[in-house]
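Input: a single structure, listed below in structure tokens.
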Amino acid sequence: MFFTRSLAVLSGMLLVLGSCQNGPNNNNPVPDSREQKWWKEAIVYQIYPRSFKDSDGDGIGDLKGIISKLDYIKSLGVTAVWLNPIYSSPNDDNGYDISDYRNIMQEFGTMADFDALLKGLHERNIKLVMDLVVNHSSDEHEWFKQSRSSRTSKYRNYYHWWDAERGKPNYRYSLFDVNHDAWKYDSLTNSYYLHYFSRKQPDLNWENPELRKEVYAIMKFWADKGIDGFRLDAFGFAAKDTSFPAFPKGYEKDFMKYYSMVPGIHDYLKEMHREVFSKYDVMSVAEGAGSSFEDAHNLVDASRKELHMAYAFEGVDIAKAGGYSLQHFKQVYSKWDSAFSKAGWLSIFLANHDQARMVSRFGNDSPEFRDLSSKMLTTFIMTMRGTPYYYNGDELAMTNAGFTRIEDYRDMPTLNEYQHQLANKGDIPAFLKRIQFECRDNGRTPFQWDASLNAGFSTGTPWLQVNKNYTTINQAAQEKDVNSVLNYFRKAVALRKNNPVLVYGKYTIRDKDNPAVYAYTREWQGKIFLVMLNFTAKPATVQTGVDMRKAQLLLNNYATPAVTGNLRPYEAVVYQL
Ligand code: GLC
């Protein structure tokens with residue numbers, strides 16, 4: 001339902017599976033993908049503040065809660081934290097509807113708490129990446145209040161308005177609206193305003209230089225505080241053809257093609273680079289990567305001076321309720337690696353706050369295989385090229401929530417879609433089954449700290465129910481077990497941090513048609529690492545064709561030693577050759 005990014009325009013690109021010829025060549029002596037940068041070497045831990053740790057018993061996680069867990073975050077070995085939005089917000093979409101970009105959400109704390117958090121992170125050598133939500137604001141932002149107050153307001157053109165006497169504007173699909181209509185009529189000035197997301201998230205008008213200036217000033221405000229990066233939320237949608245021409249009927253099935261990377265976007269990003277990024281040592285990551293490799297390169301190739309890294313969804317979108325094919329998975333990750341072997345930089349992730357849980361979608365969350373399959377997926381993330389983004393709770397193998405009643409959900413687009421289904425006589429049991437697998441709330445249940453009340457997340461009533469399995473799956477229990485998922489995560493992080501070959505090394509897929517095993521080598525400056533991952537619940541064999549005579553085992557998710565050529569269910573091994 002949410003953001004099934006169809007990346008159909010991938011054909012026409014050269015796929016060289018298994019033979020990435022990405023060494024330096026004469027035309028391009030230092031490919032930008034080999035240039036060493038801190039943000040390429042970073043390991044990003046994503047914190048969903050609302051669900052991480054509540055310090056004051058109101059059932060909502062907060063900044064003081066995160067501060068109380070800084071030593072835990074440090075103990076993971078991660079080198080950067082990405083925080084979902086923490087700015088003032090009426091919380092229609094959990095902070096992705098900002099009403100004041102220079103203030104902290106009341107439920108999360110104060111600016112003094114923020115300053116203390118930033119200081120605490122920096123004292124531990126951890127960088128901070130903030131979410132920048134500027135495709136839209138909240139309808140409760142002062143700009144929007146002024147904008148809607150009169151057609152002649154100075155702020156009118158901060159948003160997209162369509163005067164009703166011109167007739168109804170051409171249909172625009174809204175991802176979150178109950179009726180999926182992105183135009184909302186406002187009687188105050190007899191006009192419609194545009195909202196690609198909810199009615200409470202009006203789209204900002206990037207054509208307006210005044211608006212752009214305001215955004216850069218906001219970015220500088222945070223950069224001057226010393227933050228280390230920005231994640232640009234839904235920014236691919238920012239540029240629009242403001243004549244709002246008619247789109248073909250049914251275009252919403254492929255809306256990305258119409259909404260993303262509209263001409264103008266690169267001018268805005270180049271300007272943003274000039275005004276902000278070039279003046280600070282901050283990294284920038286796009287949400288998404290457009291609809292083709294070309295789009296993705298145009299966003300992030302270093303020579304273009306726009307953003308640093310793309311965050312492509314084709315991989316994370318593979319997992320479906322009925323399962324997924326490993327061949328497909330291997331193809332997708334191989335072709336993206338190949339396409340970015342010389343220029344540009346990618347992110348590697350299998351989950352975030354918009355997805356259900358990693359182990360439930362890509363692994364096997366049954367008690368028998370939960371730990372093993374989760375460790376195997378962690379090994380994948382930590383051994384691929386690209387900057388790893390790891391979602392909080394996955395280091396414990398937290399699973400989907402399994403809610404069965406609509407009353408248990410809090411996610412606004414899910415609740416809106418439920419109303420939509422009811423109004424259109426949709427198949428409600430099928431809808432409930434679908435969201436049980438894919439709703440974003442699955443990944444947003446409170447962090448499971450220990451076996452006490454509410455998993456140690458809050459002394460009050462959590463805003464979203466704690467997963468019932470918290471007495472078994474929790475941080476305190478896993479600290480005590482050397483073989484826990486948590487302690488394996490720490491080992492995998494340390495392996496990546498100590499071996500730049502895992503960051504910069506050339507990737508070559510091995511035994512490419514093996515239906516059960518994903519095997520690849522990484523090579524850099526004379527070092528060769530071999531990674532073998534069994535993605536199934538059955539034993540499997542693998543023939544990589546590499547010389548194993550001097551192989552040294554570096555990481556294994558089983559306590560007893562691996563046997564070359566054979567992999568146990570969900571076994572993950574990393575060798576140095
Ligand atoms: C992005 C965010 C998502 C949010 C949406 C609207 O996709 O990741 O959580 O709902 O933008 O801001």
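The values are calculated or read from the model by the stated rules, or taken from the named source; none is laboratory data. Just so it is clear, the model here is predicted, and its values are computed rather than measured. Neighbour counts run over all protein chains shown; Cβ positions are idealised from the backbone, glycine included. For the accessible areas, the whole protein counts, side chains as well, though only heavy atoms, and no ligand, DNA or RNA atoms are used. Shrake-Rupley method; radii C 1.70, N 1.55, O 1.52, S 1.80 Å.
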With a 1.4 Å probe and all protein chains left in place, how much accessible area per residue does the chain have, in Å²? 38
Stokes-Einstein D for the range 216-375, Kirkwood Rh over Cα pairs, 10 °C, 1.306 mPa s (µm²/s): 89
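Per residue, how big is the convex hull around the C-alpha atoms of the range 392-479? Give it to me in cubic angstrom, could you? Could you put the intermediate results ahead of the total?
Working: hull volume 7.6 nm³, N = 88.
With only Cα atoms used, the range 392-479 gives 86 Å³ per residue.
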Restricting things to alpha carbons, find the Rg to Rh ratio for the range 91-139 using the Kirkwood radius for Rh. 1.02
Reachable lysines, given that their alpha-carbon falls under 25 Å from the alpha-carbon of K279 and they are not under 8 places away in the same chain: K37, K40, K119, K127, K213, K220, K225, K270, K305
Mind checking the dipole of the range 296-384: about its Cα centre, +1 per Lys or Arg Cβ, -1 per Asp or Glu Cβ, Debye to the nearest 20? 140
Over all distinct Cα pairs, what is the inverse of the mean 1/r for the range 92-190, reported as the Kirkwood hydrodynamic radius in Å? 16.4
Which one of V134, F277, A310 is farthest out on the positive end of the charge dipole of the chain, using unit charges on Cβ (Lys, Arg +1; Asp, Glu -1) and the Cα centre as origin? A310
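Per the Kirkwood formula on distinct C-alpha pairs, the Rh of the range 521-577 is how many angstrom?
On the way: mean 1/r = 0.0855 Å⁻¹.
Result for the range 521-577 stands at 11.7 Å.
Computed over the Cα atoms, what is the radius of gyration of the range 428-577 divided by 2.2 N^0.38 Å, N being its residue count? Can you show the working numbers first?
Working: Rg = 19.7 Å, N = 150, 2.2 N^0.38 = 14.8 Å.
That ratio works out to 1.33.
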Once amide hydrogens are built 1.01 Å from N within the peptide plane, the residues lying 5 or more places from S191 or on another chain with amide H under 5 Å from its amide H are A164, D186
Cut-off under 5 Å, modelled amide H: who pairs with I227 long-range: none
Helix 485-498 against the longest principal axis of the chain: what's the angle in degrees, Cα atoms only, rounded to the nearest 10? 90
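Please state the equivalent ellipsoid semi-axes for the range 386-436: what are the square roots of 5 times the Cα gyration tensor eigenvalues, largest first, in whole Å? Don't skip to the end; give the middle numbers.
Working: eigenvalues 163, 33, 18 Å².
Taking √(5λ) for each eigenvalue gives 29, 13, 10 Å, largest first.
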Tilt relative to the chain, helix 412-423 - C-alpha long axis, 0 to 90 degrees, to 10: 70
With axes computed from alpha carbons, what is the tilt in degrees of helix 265-275 against the longest principal axis of the chain, rounded to the nearest 10 within 0 to 90? 80
Please report the projected area of the range 174-300's Cα convex hull averaged over all directions, in nm². 9.2
What nm value, rounded to one decimal, do you get for the distance between S325 and D408 when each label is placed 7 Å out toward the C-beta? 3.3
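Hey, what number do you get for the chain at 222 nm if only DSSP H runs of n ≥ 4 count, each worth -39500 (n - 2.57), divided across all residues, to the nearest 500? Display every interim value, and only then the final one.
Details: 17 runs with 158 residues, N = 577.
Helix-only estimate at 222 nm: -8000 deg cm²/dmol.
Can you give the net charge of the other residues whose Cβ lies under 13 Å from the Cβ of Y216, counting K and R as +1 and D and E as -1? Before the final figure, lay out each step's value.
Values: positive: R212, K213, K220, K270, R274, K279; negative: E210, E214, D224, E271, E275.
With Lys, Arg at +1 and Asp, Glu at -1, the neighbours total +1.
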Considering the options F529, N557, W161, tell which one lies farthest towards the positive end of the dipole of the chain, charges being +1 on Lys and Arg and -1 on Asp and Glu at the Cβ, about the Cα centre. F529
Proximal aspartates and glutamates relative to K425, as straight alpha-carbon distance under 15 Å, when same-chain residues fewer than 8 apart are discounted: E417
Provide the three semi-axes, in whole Å and in decreasing order, of the ellipsoid equivalent to the range 231-287 as defined by the square roots of 5 times the Cα gyration tensor eigenvalues. 28, 13, 6
Throw me the Rg/Rh for the range 304-407, computed over C-alpha atoms with Kirkwood Rh, two decimals. 1.00
For the chain, the charge dipole (Cβ of Lys, Arg +1; Cβ of Asp, Glu -1; about the Cα centre) points to a positive end, and the Cα of N454, N94, W82 closest to that extreme belongs to W82
Using a 1.4 Å probe on heavy atoms of the protein chains only, the accessible area for R568 in Å², nearest 10, reads 60
Give the Debye-formula value of log10 I(q)/I(0) at each listed q (0.23 Å⁻¹), with one equal scatterer per alpha carbon of the range 254-309, two decimals each. -0.89
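Under 25 °C and 0.890 mPa s, how fast does the range 344-383 diffuse according to Stokes-Einstein, given a Kirkwood radius computed over C-alpha pairs? Answer in µm²/s, whole number. It would help to have the intermediate numbers written out before the result.
Working: Rh = 10.8 Å.
Estimated via Stokes-Einstein, D reaches 227 µm²/s.
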What number, in nm² with one decimal, is the all-direction average of the projected area of the convex hull of the alpha-carbon atoms of the range 490-565? 5.6
Charge dipole magnitude, Cβ of K and R +1, D and E -1 - the chain, Cα centre, debye nearest 20: 1400
What is the Rg over Rh value, at two decimals, for the chain, using alpha-carbon atoms and the Kirkwood definition of Rh? 0.95
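Step by step: find N for the range 217-259, compute 2.2 N^0.38 Å, then divide the Cα radius of gyration by it. What's the final number? Before the final figure, lay out the partial values.
Details: Rg = 16.3 Å, N = 43, 2.2 N^0.38 = 9.2 Å.
Rounded to two decimals, the normalised Rg is 1.78.
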